[in-house]
Structure formats: C-alpha cells, structure tokens
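The values are calculated or read from the model by the stated rules, or taken from the named source; none is laboratory data. Note that the structure is a prediction, hence the values are computed from the model and not measured. Methodologically, a virtual Cβ is constructed for each residue, glycine included, from the backbone with ideal geometry; neighbour enumeration extends over all protein chains shown. Only protein heavy atoms, including side chains, enter the accessible area calculation; ligands, DNA and RNA are left aside. Shrake-Rupley method; radii C 1.70, N 1.55, O 1.52, S 1.80 Å.
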Amino acid sequence: MDVNQPKQEHLLALKVMRLTKPTLFTNIPVTCEERDLPGDLFSTLMKDDPSTVKGAETLMLGEMLTLPQNFGNIFLGETFSSYISVHNDSNQVVKDIQVKADLQTSSQRLNLSASTAVVSELKPDSCIDDVIHHEVKEIGTHILVCAVSYTTQTGEKMYFRKFFKFQVLKPLDVKTKFYNAETDEVFLEAQIQNITTSPMFMEKVSLEPSIMYNVSELNTVITNGDGCSTFGTKTYLQPLDTRQYLYCLKPKPEFAEKAGVIKGVTVIGKLDIVWKTNLGERGRLQTSQLQRMAPGYGDVRLSIETIPDTVRLEEPFDITCKITNCSSERTMDLVLEMCNTNAIHWCGVSGRQLGKLHPSSSLHLTLALLSSVQGLQSVSGLRLTDTFLKRTYEYDDIAQVCVVSSKLQAES
Amino acid sequence: MEKLETSNEDEAGTSREEVGPNDIKLIQEEILFNEETIDLDADAFGSEENVTLSEDSGNLLDKLNDQMMESVIISDSPNISEDDAGELGCLQDIVDEIESHEVLPLEQEINKECKESGNSTEHAGTHDSASSGQQHVEIKVVVSPSEPSPEAENTLQSPSSEHEHELVTPDSKQPQSDDVIPVCTIFSKGNSQPSFLGSDGFESQLIKSPSFTGEIKSTTKLQTQVVQPSPSLSNFFSDNGNTQSPAADFFDSFTTSSNFISVSNPNAAPAVPEIAHGSLTPESGTPTDPASIQFFVGNQSLNSSGSLTAEVSQSPKPFSQIHSVFAGSDDPFATALNMSEMDRRNDAWLPSQDTRNILISVATQKYSAVFIDKEKLTMPGLKFDNIQGDAVRDLMLRFLGEQAAMRRQVLTALSVEQTFVGLKKLIESKNWRAAVDLCGRLLTAHGQGYGKSGQPTNHTTDSLQLWFVRLSLLVKLGLFQNAEMEFEPFKNLDQPDLYYEYYPHVYPGRRGSMVPFSMRILHAELRQYLGNPQESLDRLHNMKAVCLQILDNLEKGLAEDGSLITISPSNRQASVQLWRSRLGRVMYSMANCLLMMKDYVLAVDAYQTVIRYYPEQEPQLLSGIGRIFLQIGDIKTAEKYFQDAETVIQKSPTSNEPQNQMIVLMNRAFLHLGQNNFAEAHKFFSEVLKLDPANAVANNNAAVCLLYLGKLKDSLRHLEGLVQQDPKHYLHESVLFNLTTMYELESSRSMQKKQALLEAVAVKEGDSFNTQCLKLL
C-alpha cells in the first residue's frame, strides 16, 4: 500500500498504541437441553469454543484477554501507558536510529522515553519497541510527540515526527462540608462522585490532616472487634454514584491550648484518594488543602465545660463555664451578671467581679442554678461586661437541661 | 449537653466548597514540580486557559499546524490512515486536521465548565458527556424482507400452500398421535421434496407412524429411561451420519431404539416405505392426502375442534383399524392417561390463570376453539426471508479477487438435506446463517413461512423446536433485532395454543407446554442484548417462580403441574433433579444478566446461588467471581475468591487433575495482572501451558502479556504460530482480534497479513464467522 504513496517515503514506520489494561472476553451462552432438537450440539459447540470457561460454559465472563479496542478515556491521576514501535518497513538496513517520545501539556513538556540512546542499526522487518508510562497530572489537552531520526544506507539523515493528541478528563467530583462542634472538634463530610463511565473501586479515601489536627475516620462501624464499612459490601462506585465520607478532626492539645481557640481561616488537611478500575488500572489524586473558616467567637467566648443532663425540680445544680479572652492583645476586666428567666433561676450574687483576664487566657467558673418548671429548659441570661470598653456580651441559650420532678427522679 | 454553635455553623455549613478539578492536584506534584506549573487552581486555570486558549493554545495550534503539515508529508504512508481517529487501539493522530478543530471548541467548553463548577456551589453533572462511548454495542440488523426466494418456493412452495389448510386441520384433530407427529410432518416434507415425491401425499403417512409409537409407549408402559420422549428428534439428530435417504433415516431411528422395535416394526415398517414413495397410508386406502389426514381427525372430535376445520371428512373406521392394529389397546382414554413420564416431566409448565381457563374450556369443550380470541393465539411467521450470506466470501471478493472467492466453499441451506440431519450438519460446520435459512424453509413447509405472521396456524412440538433452533442461532449470530422480531408473535410464551391441552385430539392426554424450556430462557435473555436487561430479569423471575412452584408441587406429592397423579419415587426423584437444574439454569441467566447490568453485588450473589445448583462448577464459578472483582478493580476481594477456589480444589478428590491445577494457575496469573505485574502473569500463563500446551486461553493470554512487556515480535510470533498450527482453536474472534491489532501496531503491511488470515479463515470457518475481528474494513 505504501508503495503507492506519491510523497516522500520513510524507511521506518512509527506506530503508537495506548496500553490500557486488556479486557476479558464475554461470550453469549445459548444452551439447550438434551431433549431439544439440537441435542448435544449446542453444548458441544460451546465446549469447543475457546473463549468459554471449561466446565462452566454458561458463565458469561470468560478468561480470554483481548487488547484494548479503542483509546478510551484517560483521567487525571491515572497512568498513561503507550506502546511505541518503530518498524523497518524497507529492505535495507537503517542506521543510527533515535526515538524520542515527549508529552506536551498546556504547561510543560516531559520526556517519556526510557532511553534516548541511539540504536546503531535496524534490520529490515525488525523493530524498536518501547513502552512508556506517565502519571497524568494535568487536565486538558495532551500531545504525545514522537520523533524518529535515522540514517539511510546512502548516509542521508532522515527525521520525522508524529503527534497524538488526547484529552485528560476529571475522574471525580469532590465536595466538602464542615461542621463545627462547640468543643473545637471539626467534622468534615466529603462527597466523592465518580464522574467517569466505568465502575471505580475506592481503594483508599483518607484525610491527611494538617499539623494542627488529629483525625479519626468515621467510615467504619466496629462491631465485635470487626470493622465493617459504612458503605456495606459494595466496594465500588458506579458511574455518577456518590459516597459520603465523614472525618472528625480534633485540634492537637498544644495548638488548642496555646492559641486558646483556633481562629479565622485554618488549613484542615487534604483528601488522598486512590482508586482502581478494570483489572487493577490505578489512579490517585489529592485535593488541595481544605480550608475552613473557624467560627468567630467575638472577643469573649463563654463555653460550657460541665452540666448535668437531668436535674430535679426546684433543686439547685451546678454548671461549669469557661470564659476565654479571644482578643489578641487586650486584657479584659469582666463583670458577670445573671438575669433570671421564667424557668431557670440563678443562685448567687449578680454583678460579680471576675477580675482581669489576659489575652488568650481563660478562667473556669462554677455557677448554681435552680429550675422551677419541668421539661427541657434552656440556660440563658448570662451577661459579661468588659468594664474597660463598657461593652456587654450576652449569652443566651447556652445549654439545655432536662428538669424532672423530684418524685420521679427518686423512683428512677 | 453542648450545643452546636448554630449561628456560625450555618455559614460554614451552607457554603459548599466544591473542590473543582483544578483544585485536585497530584501528590507528587509538589515534590516534582513547581506549583505554578501544575497546580491548576480553579481561577487561574479558568481564566488563564480562556485567555490563553486564544493565545497560547493558538500558538500551540499554529505550532500544531506546522507540525501537521509536516506530519502530513511524513505520514502519507498508510499508517496515518490506520492511526486515524476511528482506528481501534491506536492513538488519535493529530494529523487529522478536522479532528483537531473539533476538539478545540470542546476543550473550551470543558474549561468553561470547569470554571463554572469551580465557582458555583452546585455540582454540574455533565462531565461524563465527554467521556461516554466506551462501550459500543454493535447491533447489526440484517433484514431482508423480500419475498420468499424463488428457490425456496421451488422446493417448498407447493406443499406449503396446501399445508396451510391441511395442517391446520389435522394437527388439531389427530386423535392418538403423540408429539412425534409434527417432526414427521416437517420431516417428510423436507424429505419428500428432494426425493421423487410429489408435493402431495407425504405428510399423512409420516404422521402416522410416530403416533403409533406414542401410543405404544403409553400402552406398554415402558420404563421412562427406555422411552425416548421424542424419538424422532433425538434419533435423527444423534444418528446424523448413517443415512442419506430420509426415509431410511427415519426408520433407523425407530428400529434402533429398542422400545420401538418390538412394537412398531411389523406394522410401521411396511407402512412407512409406502408413504415415502408417495403412496397412501395402507389402512386408509384413500388416495388423496387431505382425506388421509382427515380420517384421523374425524373419529373423535366432532363437536369440539370441528369448528376449526371447514370440512371434517371423517372415517372412523380406518382410525380404529389403526388403533387396534398398532396400539392394541381398546380404551383410547386409558392410553391417553398414560402419558409418558418423561414427556410430562419435561413439558410441565404452569400457565397463567387466563390461559389455564381457556385450556380447561378446551378440555371440557365448553366452547369450541373458534371463540378463542385471536389475540390469544400465537401466529408466528418468518419476518425476514433470507439472511443467508457469507461475510467471509464477500470480503474475499473484495480483497482477494473473484477467483479466491470462488474457492470458498461453505454449505448452504440448499446443499444439505432438507431435514433435521441437514440442519445438524449446518450447525456443526458453523454455517449458522444457512442453518437459520433451513429452519426457515422447514417452517415455511409448516405454514409459518415469510409473511405468515398473524395468520392462524397450528403448533406442534417440532414447529416449536424449529423456531427454537432458528432463534437460538440468530442470537448466537448476534442478530438480536431479528430474533426479537420473530419472537414477537410468541408474546410471553403463555398463549393457550402453545400448550398440548389445546390440541386434545392431536396430543390426547398430553399436558404441558410445547415451548421448550430452553426457548423460554432464550426469550428471557434476549431483552438484555437489546439494552433492556430489566425486562430480562422480570422474565427470569417469572420463570424462577414457576420452577419453584413446580418443585413445591413435587415436594407435596403432586405432579409438576399440581395435579393429583401418582408418580413413582424414582420418577419423582428424576423430576426434582430436572427442575432443580432448570432452576439453576434460570439463576445462571439472572447472574449473567446482572453482570451485564454491571450490578456486581447482586451478580456475585446470584453466582453464589448458582453454585448451590451446580456444585461441580464451584471452582470455575468462584474464579469467575474473582474475575468480576478484578474487573471492578477490587484486587483484594478477587484474591479472596481465588483463594476460595483453590481451597475448594484442594479439598476435592480430583485436586491433582490438570484441569483443576490449571484453574489455580490461571487465577494466579490474573491476580498478577491485577497487580500490574505482567511478567509474573506471563510466567503463570506459561505454567498452564506446561500442563496443557494446547490451552487456547493461556496461549492467547501469554501473548497479550508479552505485548505489555514490550515484546511485540515475540507476542506476534507466538500467536501466529498458534493460528497456523491449530486453526481449529485459534481462528477465534478474540484471538484474531488480538492478532490483527498487533499487526496494525507492527508494520505498515498489516493489510497483507490480515488478508492472509482471511484466507485461513475461508478454509476453516463457516458462514457464521464474525469478520469484524479481522479489521479489514
């Protein structure tokens, strides 16, 4: 065929094939019973068919490997593998052959050839083979540039290039959501959606916390010592399926104590995702650092350290509060006032001086309360006034207690 | 009790941060590269790209254009065309200008999309559009709704036209014949054509002889094992080789089976030859066919099915003569009751309530068949006349010239006997298209030919068997649409006229479904190949329910259909076994269907259920489940199942059989494949070959591994050698596909090499060969 080509002839031919994993051949089982017209004919045909599983011919999924049938899709984080073959189509020996494969992305050019050493000669009908691998790290257009240079018998130096273009697509969609707990814990919910067209086995989805946090994964249910995934037995994600992963982050004590609170935008960590598809084709991605806006607490933060769940009607009980000066450099002089509400009554002196509170320090305070109404009651009515700035901070609905009658309590 | 700080929480909670594609970085990137170059930060990427696309990539395009020009010159060689976009397995060559232009806007779109999704909180689920199209199902429809081909007419036309009348009547009315009858009608038709017979006269005679056997069977109460339920079928099929003359064949089948010898020989033997020569049945003495048929009809059912046939010229005398001569039973009802055990067991089926009611009315003759709504009848007909054709030959004509094509010799429907023997020969030699055609001819002879769909007809065991074969082969050929079209008149295979009870005079006392169980399976499975697996599952679940009900009936001491018939323990045992294996077959289909739907969890469950029904297949099935997990990418679970398979094999007494050892080695090879270790995988495939050098799968897979190891030439040599040495096993589409793919990769002369393969195929393969794997077009 190439003999007919009018244009310049090269002695060497370059062929490139992407090596995705091979696939397993599936056959279409058609069976009949002995008693049917074809008798044992169909089963003989199926037994003779090399693509069936011997002894279980009705099984659709065979064992025969077939080479990839098309370029397919390539996704960020996967490995691009390709076979490069330079074949001597001519009938003369070709000398000093050099094959170079580069990958041009939108931002850079990478050399992928295992070796760029010059092959001294190539006999007719033999070939130079190379299998290149590259972990794809960019989205968008990639161009594989293959360059071949060689010398003919007449000493003529020849050179040609070929270009192969492909698109790298995004395999996953990741969404995150933070939940801040009063205790400085942060819960991270990560939704990971498979936006490829094939099922994806999630080998690893983990959160690598930043230096300030310890992380615990909440994606297994432990019963009788055995961890069992919250996703059940289904270990893979079908196309467009989404999974939710949950992580709990606790500030390391040194950071929590030192700063008093973690404020403003903080770096939480990043998600590390490893997946596999057909016959172990592997992909891996990391998100960029996930950041969260820590909830603002104002200048003074009042948090509850201890509080009983259930209290008896008209009997006093204690709660412990922690008051933190969140400002960066201002020392505060605080006065505590307690305003009684309908149900909850403060026992003690209102207008108490708490003394000076230095920046990023905190003090603990035990307060007595008494409820005159049954049911779930809200603790409200605390006021802190900074005498320097004459600023008052109000704390309502800071906690709830369940109030039961004394009799009931006694019985239980 | 601590309270979540809701005020702040809301803000943090509602702002859903989308980690766009651009935020996703690779792990090593920080180590290996500068952040700027790689980290495609959402904004940066979006804006940059959009700007640069016009500029930067404009440059790029310019560059490309240069390069394109350059490469155009270079790659004029045929490679380019081969490297083209459409080419399988090969990278798209950028040389394709149009292609690159197309890509550009698309690219922009993608970028835009990325940006959008980066900004918006909602996720845009449209990304997959770009990546779709990985699996393409190619359904080729070959429909040639032409009129019956003239040749077909030559041989079959004349009888068939008559049959239409004749067959309708006799089938519904013949008194004592068993299921065998239909075989014979068709058979005789087929036979009589090529032989000297005129179109008349053939059917009636043949009808008779089998009917005797049926009676005899029942009267003599032979053991089930001995009784061959439909001797005509099995015998014709199994003794393919012996005879050329259909008539002789026919007799052989009877004489060879011991049951029949004693009974039928004296009478039937003389009778049949005469028939074969076109003479009349001895007893009837009436010369014309219709008469001969009708005399069967007459004696019994004057009231009931008489309505179907216009004229019932009954001569009760001949019938009774026959009866007394052959059956030796004076009570026809007694014989009827003694339906063959095997028939009952195999044909059992539970009709729907509607159908059951109609069947009961037929049995009690409350009203005649005429009143049955046409809607409720099955009126099949060929939907396409001729799918004959030989793709291999067409390719030869195109690539190798007329002379080469002339040398191609395959059997056609016309070049074999127009009988089941011929049919078997065609199937065996893998000339399935011709076999489909022959089924069509035989069905045409039965009055269900082209264009007959929608016209009332009668069914016999054999017409349904022919349909089953035809439809099976269509499915095997991948002509699913065609199969679907021809299946359509059968609806859900539960029409009253598909039950023996509907023909009390043709099949007296016989009960159950004429539709072979395998045809139901085929019917259920067909939908999944047409992209509707859910419907396949529905049908399979219905079948499962019936199987379970039948098993339940058997357990309760009833007959399969729930009637109160005493069944001997051994027969009950046999029946339970049969229905359990059928239930297993249904489960198998379900598992396959679920696998096709990619519902892997359910598929694995279903395969595990299948193991319960086919315990002997446990190692294979466990390995199969392992491969499913490999396909998903779950290597660990795959390993677990491979391990289970090994354990099962070790426990079995035959653990050292090469067969079992090969399963173990093969699984290990696959596991290494899943771990990206092609060298190890190759080693294990080679181990298999030490045990069984002819193992096609291991040979092929070893060759594939070699390619991934960069040893194209070795791989090619390996495969080529196999194909040359053992074409019977290696001219398989999967092997050839691999081979041609490697040819394309190897050199610019792949075309010649593929054509050489075509020649090899032409010598060995029948007309059912799938030429696509040669990638010549």
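Those residues that are more than 7 Å from chain B (Cβ to nearest Cβ) and either open to solvent by 30 Å² or more (accessible area, probe 1.4 Å) or not β-branched (V, I, T) (or both), I need them from region A:171-190; list them, please.
Going through region A:171-190, the residues more than 7 Å from chain B (Cβ to nearest Cβ) turn out to be A:171-172, A:184-190.
A:P171, A:L172, A:D184, A:E185, A:F187, A:L188, A:E189, A:A190, listed by residue number.
State yes or no: is B:L602 touching a Leu at 6+ places or on another chain (Cβ under 6 Å) and modelled with pLDDT under 95? Give the steps one after another, and end with the answer.
On the way: touching a Leu at 6+ places or on another chain (Cβ under 6 Å): yes; modelled with pLDDT under 95: yes.
Yes, satisfied.
Here is a check on your reading of the model: is A:F160 facing chain B (nearest Cβ under 7 Å) and either open to solvent by less than 50 Å² (accessible area, probe 1.4 Å) or over 17 Å from A:N73 (Cβ atoms) (or both)? Can you show your working first?
On the way: facing chain B (nearest Cβ under 7 Å): yes; either open to solvent by less than 50 Å² (accessible area, probe 1.4 Å) or over 17 Å from A:N73 (Cβ atoms) (or both): yes.
Yes: the conditions hold for A:F160.
Only one residue in A:V118, A:V148 is more than 24 Å from A:N194 (Cα to Cα), more than 8 Å from chain B (Cβ to nearest Cβ) and modelled with pLDDT under 90. Which one?
A:V118
Report whether or not B:E486 is closer than 30 Å to B:E765 by Cβ, among the charged types (D, E, K, R) and touching a strand residue (DSSP E or B) at 6+ places or on another chain (Cβ under 8 Å).
Working: closer than 30 Å to B:E765 by Cβ: yes; among the charged types (D, E, K, R): yes; touching a strand residue (DSSP E or B) at 6+ places or on another chain (Cβ under 8 Å): yes.
Yes, satisfied.
Residues that are closer than 30 Å to A:K177 by Cα: find the strands (runs of 3 or more DSSP E) completely inside region A:290-394 holding 2 or more of those.
On the way: elements: A:290-293, A:300-306, A:310-312, A:317-325, A:332-338, A:344-347, A:352-357, A:362-371, A:375-379, A:382-386.
Passing ranges, in order: A:290-293, A:300-306, A:317-325, A:375-379.
What's the number of the only condition in (1) within 30 Å of A:H10 (Cα to Cα); (2) assigned to a strand (DSSP E or B); (3) open to solvent by less than 30 Å² (accessible area, probe 1.4 Å) that A:V168 fails to meet?
(1)
So, in region A:89-107, exactly how many residues are at the interface with chain B (Cβ under 10 Å from one of its Cβ atoms) and assigned to a strand (DSSP E or B)?
1
Identify the single condition in (1) touching an Asp or Glu at 6+ places or on another chain (Cβ under 8 Å); (2) more than 9 Å from chain A (Cβ to nearest Cβ); (3) surrounded by fewer than 22 Cβ atoms within 10 Å (Cβ to Cβ); (4) free of Cβ contacts under 8 Å to residues at least 24 places away in the same chain that B:G710 does not satisfy, given that it satisfies every other one.
Exception for B:G710: condition (2).
Let me spell it out: the conditions are (1) more than 10 Å from chain A (Cβ to nearest Cβ); (2) open to solvent by less than 10 Å² (accessible area, probe 1.4 Å); (3) at pLDDT 90 or above, and B:Q481 meets all of them except one. Which number is the exception?
(2)
Restricting to region B:598-630, name every residue that is facing another protein chain (nearest Cβ under 9 Å) and either within 18 Å of B:N676 (Cα to Cα) or outside any helix (DSSP H, G or I) (or both).
If the condition is that a residue be facing another protein chain (nearest Cβ under 9 Å) and either within 18 Å of B:N676 (Cα to Cα) or outside any helix (DSSP H, G or I) (or both), then B:K598, B:D599, B:Y614, B:R627, B:I628, B:F629, B:L630 are the ones that fit.
Confirm whether A:K250 is at pLDDT 85 or above and either more than 10 Å from chain B (Cβ to nearest Cβ) or assigned to a helix (DSSP H, G or I) (or both).
Values: at pLDDT 85 or above: yes; either more than 10 Å from chain B (Cβ to nearest Cβ) or assigned to a helix (DSSP H, G or I) (or both): yes.
For A:K250, the condition - at pLDDT 85 or above and either more than 10 Å from chain B (Cβ to nearest Cβ) or assigned to a helix (DSSP H, G or I) (or both) - is met.
Let me confirm something: among B:A702, B:A638, B:A696, which residue is farther than 25 Å from A:M200 by Cβ and out of contact with any Asp or Glu (no Cβ under 9 Å at 6 or more places or on another chain)?
On the way: B:A638 fails: farther than 25 Å from A:M200 by Cβ; B:A696 fails: out of contact with any Asp or Glu (no Cβ under 9 Å at 6 or more places or on another chain).
Within the list B:A702, B:A638, B:A696, the selection yields B:A702.
Every residue, every condition in (1) in contact with a helix residue (DSSP H, G or I) (Cβ under 7 Å, 6 or more places away or on another chain); (2) not in a helix (DSSP H, G or I), yes or no:
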position: B:A404; (1), (2): yes, no
position: B:A413; (1), (2): yes, yes
position: B:G422; (1), (2): yes, no
position: B:K430; (1), (2): no, yes
position: B:A434; (1), (2): yes, no
position: B:L442; (1), (2): yes, no
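Out of the residues in region A:138-192 meeting the condition of being among the hydrophobic types (A, V, I, L, M, F, W, C) and free of Cβ contacts under 8 Å to residues at least 60 places away in the same chain, tell me which one is nearest to A:R243 (Cα to Cα). Give the steps one after another, and end with the answer.
Step one: list which residues in region A:138-192 are among the hydrophobic types (A, V, I, L, M, F, W, C), which gives A:139, A:143-148, A:158, A:160, A:163-164, A:166, A:168-169, A:172, A:174, A:178, A:181, A:186-188, A:190, A:192.
So of that shortlist, the ones also free of Cβ contacts under 8 Å to residues at least 60 places away in the same chain come out as A:143, A:145, A:147, A:163, A:181.
Details: A:I143: 33, A:V145: 38, A:A147: 44, A:F163: 39, A:A181: 23 Å.
Filtering first and then ranking leaves A:A181.
Would you mind finding the one in B:N553, B:N592 that is polar (S, T, N, Q) and more than 12 Å from chain A (Cβ to nearest Cβ)?
B:N553
Step by step: first the residues of region B:325-368, then only those that are of a type in the set (V, I, T) and at pLDDT below 55, then the one that is surrounded by the most Cβ atoms within 10 Å (Cβ to Cβ). Which residue is that? Break it down stepwise before answering.
So the first thing to find is which residues in region B:325-368 are of a type in the set (V, I, T), and the list is B:325, B:335, B:355, B:358, B:360, B:362, B:364.
From what is left, the residues that are at pLDDT below 55 are B:325, B:335.
Details: B:V325: 15, B:T335: 25.
That would be B:T335.
Report, by residue number, each residue of region B:569-589 that is away from chain A (no Cβ under 11 Å) and under 15 Å from B:M342 (Cβ atoms).
Listed by number, the residues that qualify are B:S570, B:N571, B:R572, B:Q573, B:A574, B:S575, B:V576, B:Q577, B:W579.
When you look at B:N676, is it facing chain A (nearest Cβ under 8 Å) and either outside any helix (DSSP H, G or I) or open to solvent by 30 Å² or more (accessible area, probe 1.4 Å) (or both), yes or no?
Numbers: facing chain A (nearest Cβ under 8 Å): yes; either outside any helix (DSSP H, G or I) or open to solvent by 30 Å² or more (accessible area, probe 1.4 Å) (or both): yes.
Answer is yes for this residue.
Checking the condition surrounded by 16 or more Cβ atoms within 10 Å (Cβ to Cβ) and aliphatic (A, V, I, L, M), which residue from A:V373, A:V349, A:V335 passes? Steps first, please.
Working: A:V373 fails: surrounded by 16 or more Cβ atoms within 10 Å (Cβ to Cβ); A:V349 fails: surrounded by 16 or more Cβ atoms within 10 Å (Cβ to Cβ).
On inspection, the qualifying residue turns out to be A:V335.
Which of the residues spanning region B:678-700 are over 17 Å from B:S715 (Cβ atoms) and either more than 31 Å from the chain's Cα centre (by Cα) or touching a residue at least 40 places away in the same chain (Cβ under 8 Å) (or both)?
Of everything in region B:678-700, those that are over 17 Å from B:S715 (Cβ atoms) and either more than 31 Å from the chain's Cα centre (by Cα) or touching a residue at least 40 places away in the same chain (Cβ under 8 Å) (or both) turn out to be B:E687, B:K690, B:L691.
Within the bounds of region A:32-51, is there any residue that is open to solvent by 10 Å² or more (accessible area, probe 1.4 Å), in contact (Cβ under 8 Å) with a residue 24 or more places away in the chain and within 8 Å of chain B (Cβ to nearest Cβ)?
So far as region A:32-51 goes, no, none of its residues is open to solvent by 10 Å² or more (accessible area, probe 1.4 Å), in contact (Cβ under 8 Å) with a residue 24 or more places away in the chain and within 8 Å of chain B (Cβ to nearest Cβ).
Could you please give the count of residues in region A:171-196 that are in a strand (DSSP E or B) and among the acidic types (D, E)?
Residues flagged as in a strand (DSSP E or B) and among the acidic types (D, E) within region A:171-196 amount to 2.
What are the residues in region B:538-556 that are in contact (Cβ under 8 Å) with a residue 60 or more places away in the chain and open to solvent by 10 Å² or more (accessible area, probe 1.4 Å), if any?
So the first thing to find is which residues in region B:538-556 are in contact (Cβ under 8 Å) with a residue 60 or more places away in the chain, and the list is B:546, B:549-550.
Residues satisfying the conditions are B:V546, B:Q549.
Which ones in region A:136-145 are facing chain B (nearest Cβ under 7 Å) and in a strand (DSSP E or B)? Lay out the reasoning, then the answer.
Step one: of region A:136-145, the residues facing chain B (nearest Cβ under 7 Å) are A:137-141, A:143-144.
The answer is A:G140, A:T141, A:I143, A:L144.
Kindly provide the set of residues from region A:61-88 that are in a loop (DSSP other than H, G, I, E, B) and either open to solvent by less than 10 Å² (accessible area, probe 1.4 Å) or in contact with an Asp or Glu (Cβ under 7 Å, 6 or more places away or on another chain) (or both), ordered by number. Break it down into steps so the answer makes sense when it comes.
Restricting attention to region A:61-88, the residues satisfying the condition of being in a loop (DSSP other than H, G, I, E, B) are A:67-73, A:76-77.
Of everything in region A:61-88, those that are in a loop (DSSP other than H, G, I, E, B) and either open to solvent by less than 10 Å² (accessible area, probe 1.4 Å) or in contact with an Asp or Glu (Cβ under 7 Å, 6 or more places away or on another chain) (or both) turn out to be A:L67, A:P68, A:L76, A:G77.
Could you list all residues from region B:631-654 that are facing chain A (nearest Cβ under 9 Å), part of a helix (DSSP H, G or I), in contact with a Ser or Thr (Cβ under 9 Å, 6 or more places away or on another chain) and not charged (D, E, K, R)?
B:Q631, B:I632, B:T637
So that you can scan it fast, the table gives a plain yes or no per residue for (1) within 13 Å of chain A (Cβ to nearest Cβ); (2) open to solvent by less than 10 Å² (accessible area, probe 1.4 Å); (3) assigned to a helix (DSSP H, G or I); (4) closer than 28 Å to A:R18 by Cα:
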{"residue": "B:A698", "(1), (2), (3), (4)": "yes, yes, yes, yes"}
{"residue": "B:E720", "(1), (2), (3), (4)": "no, no, yes, yes"}
{"residue": "B:V735", "(1), (2), (3), (4)": "yes, yes, yes, yes"}
{"residue": "B:Q752", "(1), (2), (3), (4)": "yes, no, yes, yes"}
{"residue": "B:A760", "(1), (2), (3), (4)": "no, no, yes, no"}
